[in-house]
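Peer 1: Below is one structure. I have some questions about it.
The values are calculated or read from the model by the stated rules, or taken from the named source; none is laboratory data. If you're wondering where the values come from, they're calculated on a predicted model, not measured in any experiment. Glycine also receives a Cβ, built like all others from the backbone with ideal geometry; neighbour counts cover every protein chain displayed.
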Amino acid sequence: MRPIQQRKADVLATFERNADLWIATASSSGRPHLVAVSAWWHDPDFLIATVGSSRTARNLDATGVARLGLGTPDDVIVIDARLTESLPVGSADATLHAGFEAAVGWSPTGEPGSWRFFRLMPARIQAYRGYAELDGRDVFADGRWLA
């Protein structure tokens, strides 16, 4: 079992190199929705882009919460996050555009539709490699790293 300091280091290394993740949202009535998105870890939060009329966007607008997932079934990172900001892609400054494009390899600027950026702040981060690491899987809680 990895100590919490190693789990945190592994999580941060994954965040720095990963441009894609799964995002799960739910409607206010509880209907779940799961899709893959490109995401930029812009410490301390994630920035995703999606079409403003998508189910993901509507769910984020309605509930303000999401669960993000990265990794493989035997090396998992799960992030419970809350929406802190949403803005049309056309309203974002050049620094935000450049950072997102550099991190994920594409820009929503040239895509058809009304794209929006969503900033998601982690509330809880879990990291575990198999059942042996389920105990002590929290590496981030209540807005702070536990190591």
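Peer 1: Does the stretch 86-104 include one or more residues that are out of contact with any Phe, Trp or Tyr (no Cβ under 7 Å at 6 or more places or on another chain) and closer than 18 Å to P122 by Cα?
Peer 2: Among the residues of the stretch 86-104, not one is out of contact with any Phe, Trp or Tyr (no Cβ under 7 Å at 6 or more places or on another chain) and closer than 18 Å to P122 by Cα, which makes the answer no.
Peer 1: Among the residues of the stretch 123-145, write down those that are under 19 Å from D75 (Cα atoms) and in a loop (DSSP other than H, G, I, E, B).
Peer 2: Selection gives R129, G130, L134, D135, G136, R137.
Peer 1: Right, another one. Looking at the stretch 102-122, which of its residues are part of a helix (DSSP H, G or I) and either basic (K, R) or surrounded by fewer than 15 Cβ atoms within 10 Å (Cβ to Cβ) (or both)?
Peer 2: If the condition is that a residue be part of a helix (DSSP H, G or I) and either basic (K, R) or surrounded by fewer than 15 Cβ atoms within 10 Å (Cβ to Cβ) (or both), then A102, T109, G110 are the ones that fit.
Peer 1: Identify, please: which residue in the stretch 22-48 is within 23 Å of V76 (Cβ to Cβ) and free of Cβ contacts under 8 Å to residues at least 40 places away in the same chain and is, among those, surrounded by the fewest Cβ atoms within 10 Å (Cβ to Cβ)?
Peer 2: So the residue we want is D43.
Peer 1: Go through V78, V104, V139 for me and flag whichever is of a type in the set (A, V, I, L, M) and touching a Ser or Thr at 6+ places or on another chain (Cβ under 9 Å).
Peer 2: V104
Peer 1: Moving to a separate point now. Could you tell me whether any residue of the stretch 49-71 is surrounded by fewer than 16 Cβ atoms within 10 Å (Cβ to Cβ), under 10 Å from the mean Cα position of the chain (by Cα), in a strand (DSSP E or B) and at pLDDT 95 or above?
Peer 2: Yes, the stretch 49-71 contains at least one residue that is surrounded by fewer than 16 Cβ atoms within 10 Å (Cβ to Cβ), under 10 Å from the mean Cα position of the chain (by Cα), in a strand (DSSP E or B) and at pLDDT 95 or above.
Peer 1: Among the listed residues A147, A103, A123, identify the single one that is among the small types (G, A, S), without any contact (Cβ under 8 Å) to a residue 60 or more places away in the chain and closer than 22 Å to A81 by Cβ.
Peer 2: Of the residues listed, the single one that is among the small types (G, A, S), without any contact (Cβ under 8 Å) to a residue 60 or more places away in the chain and closer than 22 Å to A81 by Cβ is A123.
Peer 1: Can you confirm whether the stretch 4-21 contains a residue that is assigned to a strand (DSSP E or B) and touching a residue at least 60 places away in the same chain (Cβ under 8 Å)?
Peer 2: So far as the stretch 4-21 goes, yes, one or more of its residues are assigned to a strand (DSSP E or B) and touching a residue at least 60 places away in the same chain (Cβ under 8 Å).
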